[in-house]
């Protein structure tokens with residue numbers, strides 16, 4: 001199968017599954033971005049790994065190779081998909097900027113600032129503290145890993161915040 005057909009097939013699969021998952025998520029009372037992220041997890045290497053399907057593999061796939069070894073042999077069709085994903089994030093950030101009303105932001109600036117600080121500091125402290133407690137109870141965490149777990153829980157994605 002040619003690279004163009006592979007690219008178009010992957011693009012159709014991604015768009016259809018993402019749109020369906022987004023609308024299903026809205027039907028369940030969740031933001032559309034939740035379904036879209038879930039679709040990415042399902043189609044990506046976490047679950048189905050559509051880029052690992054035999055029709056997309058390079059001419060010399062290594063049978064029995066680990067996932068890390070397979071990454072070296074990712075199909076060339078993966079690069080345009082990755083580029084489109086990065087472009088999508090840039091366009092989403094641009095859209096968030098277009099929809100921002102500076103007058104309204106100045107009116108709610110102080111409240112929004114403290115809400116943003118709370119959205120970062122709160123989960124960081126609670127997540128790190130909880131991981132630290134688990135560390136004290138015998139789980140093999142270091143202090144740095146406890147802080148890392150807290151960092152994972154912070155809400156810092158502007159693009160996701162803009163969509164919700």
| remark: Those residues of the stretch 15-25 that are surrounded by 14 or more Cβ atoms within 10 Å (Cβ to Cβ) and touching a helix residue (DSSP H, G or I) at 6+ places or on another chain (Cβ under 8 Å) come to a total of 6
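Go through 39, 65 for me and flag whichever is modelled with pLDDT of 85 or more and not assigned by TED's automatic domain parsing to the domain that holds residue 155. Break it down into steps so the answer makes sense when it comes.
Numbers: 65 fails: modelled with pLDDT of 85 or more.
Of 39, 65, the one residue that is modelled with pLDDT of 85 or more and not assigned by TED's automatic domain parsing to the domain that holds residue 155 is 39.
Listed residues 45, 80, 76; which is at pLDDT below 85, surrounded by 13 or more Cβ atoms within 10 Å (Cβ to Cβ) and not in a helix (DSSP H, G or I)?
On the way: 80 fails: not in a helix (DSSP H, G or I); 76 fails: surrounded by 13 or more Cβ atoms within 10 Å (Cβ to Cβ).
One residue alone meets the criteria, 45.
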| message | Considering only the stretch 152-164, I want to know if a residue exists there that is surrounded by 13 or more Cβ atoms within 10 Å (Cβ to Cβ), at pLDDT 80 or above, in contact with a helix residue (DSSP H, G or I) (Cβ under 6 Å, 6 or more places away or on another chain) and under 26 Å from residue 93 (Cα atoms). | response | yes
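The values are calculated or read from the model by the stated rules, or taken from the named source; none is laboratory data. Because the structure is a prediction, the values reported are computed rather than measured. Heads up, the Cβs are rebuilt from the backbone with ideal geometry, glycines too, and the neighbour counts pull from every protein chain shown.
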